[in-house]
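See below for the structure under consideration.
The values are calculated or read from the model by the stated rules, or taken from the named source; none is laboratory data. Every value quoted in this text rests on a predicted model; they were computed, and no experiment measured them. Every residue, glycine among them, receives a Cβ derived from its backbone with ideal geometry; neighbour counts consider all protein chains shown. Quick note on the areas: whole protein, heavy atoms, side chains included, nothing else; ligands and nucleic acids left out. Shrake-Rupley method; radii C 1.70, N 1.55, O 1.52, S 1.80 Å.
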Amino acid sequence: MFRYIICFITILAFTSSIIAGTREESIPDNKYIEYGKKFNYIYKICGTYKDGKLFCASAVIIDRHWIITAAHVVNNARFCVVHQDDKANTVDEIIVHKNFNIDKFGSTDLALGYMEKPIDLNFYPSLYEENNEQGKICSIVGYGFTGNFKTGAIIGDDKKRAGTNMIQYIDRDLLICNASQPNDKDSTGLEFLIASGDSGGGLFIDGKLAGINSGVMAADRKADSSYGDESIHSRISSNIGWIKDNIKLKKTRRE
């Protein structure tokens, strides 16, 4: 069992602008912004829940018609769109993972979204299918709160950011990362942790989508993505069958 307070990291749209991730304090913020621009298949996802509340988070475009995001972001959504700059698409169908349970942290926090109107990109990330993620260097991307590892996530400016980390361990179907000090042997040089609003964004290994941003664990009971906190990412490799089967089923029904 986890020894931490655990926090899902969707952001209600009325709380502030959405922004992205905490960083190592000695590295200029613009390096994280510039790195984030390389991931043009990471979009914002915003919408309305059935109770009328608004939300915003992140999503990964994996195909002309498909996105992957965190299930807790879109569970019970009445309407949502994905958008980046002047591009915006309605998500017409949401498929929440059959094992997701909002009251049981660690259940599979994955959802697929189908769009009738395609998003045409030059590149879509492949899915990471190997089960060797532990110890791998990864890139993490999203539109969440930002700050540094000392202050925690405190400010917002509606910019996408990305950084790097190492997958420290795997718990059930979760990939876990933490914030390394600059001189730590595990430091990746552009250290980054997810924060509120990064939910549904991607964790990538060798350019392939290996995880979906889900939440933050905090031993100090303050899940602000500061030193000591750990970020949680739903594992793609153990859910390849579910992803491919649902995409195939949708294609078959359309034909």
Pair list, Cβ under 6 Å, 6 or more apart: the stretch 195-210 residue on the phi > 0 side of the Ramachandran plot, other residue in a loop (DSSP other than H, G, I, E, B) and not hydroxyl-bearing (Ser, Thr, Tyr): Gly197/Ile18; Gly197/Gly144; Gly197/Phe145; Gly200/Ala70
Residue, least open to solvent (accessible area, probe 1.4 Å), within the stretch 215-255, restricted to residues that are at pLDDT 95 or above and hydroxyl-bearing (Ser, Thr, Tyr): Ser234
Residue list for the stretch 162-193, filter: outside any strand (DSSP E or B) and within 11 Å of Arg23 (Cβ to Cβ): Ala179, Leu190
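I'd like to know if the stretch 176-192 contains one or more residues that are under 19 Å from Lys38 (Cα atoms), exposed (fewer than 15 other Cβ atoms within 10 Å of the Cβ) and acidic (Asp, Glu). Explain how you work it out, then say what you get.
Taking the stretch 176-192 first, the residues under 19 Å from Lys38 (Cα atoms) are 188-192.
Among the residues that remain, those that are also exposed (fewer than 15 other Cβ atoms within 10 Å of the Cβ) are: 189.
Keeping just the survivors that are acidic (Asp, Glu) gives none.
No, the stretch 176-192 has no match at all.
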Where Gly207 falls short, out of the listed (1) crowded, with 16+ Cβ neighbours inside 10 Å; (2) of a type outside the set (A, V, I, L, M, F, W, C); (3) under 17 Å from the mean Cα position of the chain (by Cα); (4) modelled with pLDDT of 80 or more: (1)
Those residues of the stretch 70-84 which are touching a Ser or Thr at 6+ places or on another chain (Cβ under 7 Å) and β-branched (Val, Ile, Thr), in sequence order: Val73, Val81
Any pair with Cβ under 7 angstrom, 6 or more apart, that starts in the stretch 49-68 at a residue that is within 18 Å of Val96 (Cβ to Cβ) and open to solvent by less than 10 Å² (accessible area, probe 1.4 Å) and ends at one that is modelled with pLDDT under 95 and acidic (Asp, Glu): Ser58/Asp198
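Yes/no matrix, rows are residues, columns are (1) over 25 Å from Asp206 (Cβ atoms); (2) among the aromatic types (Phe, Trp, Tyr); (3) under 19 Å from the mean Cα position of the chain (by Cα):
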residue	(1), (2), (3)
Ala70	no, no, yes
Asn75	yes, no, yes
Glu93	yes, no, no
His97	no, no, yes
Ser107	yes, no, yes
Pro125	no, no, yes
Cys138	no, no, yes
Check on Glu93, out of contact with any Cys (no Cβ under 8 Å at 6 or more places or on another chain), open to solvent by 40 Å² or more (accessible area, probe 1.4 Å) and over 23 Å from Phe192 (Cβ atoms): yes
Hits in the stretch 101-122 - residues which are over 18 Å from Asp198 (Cα atoms), open to solvent by less than 50 Å² (accessible area, probe 1.4 Å) and at pLDDT 95 or above: Tyr114, Met115, Pro118, Ile119, Leu121
Exclusive hit being part of a strand (DSSP E or B), more than 23 Å from Asn99 (Cα to Cα) and open to solvent by 40 Å² or more (accessible area, probe 1.4 Å), set Ile140, Ile154: Ile154
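Answer with yes or no whether Val82 is in a strand (DSSP E or B) and within 16 Å of the chain's Cα centre (by Cα).
yes
Anything in the stretch 102-125 that is in a loop (DSSP other than H, G, I, E, B) and either under 22 Å from Ser231 (Cα atoms) or basic (Lys, Arg) (or both)? List them, or say none.
Ile102, Asp103, Lys104, Phe105, Gly106, Ser107, Thr108, Asp109, Leu110, Lys117, Pro125
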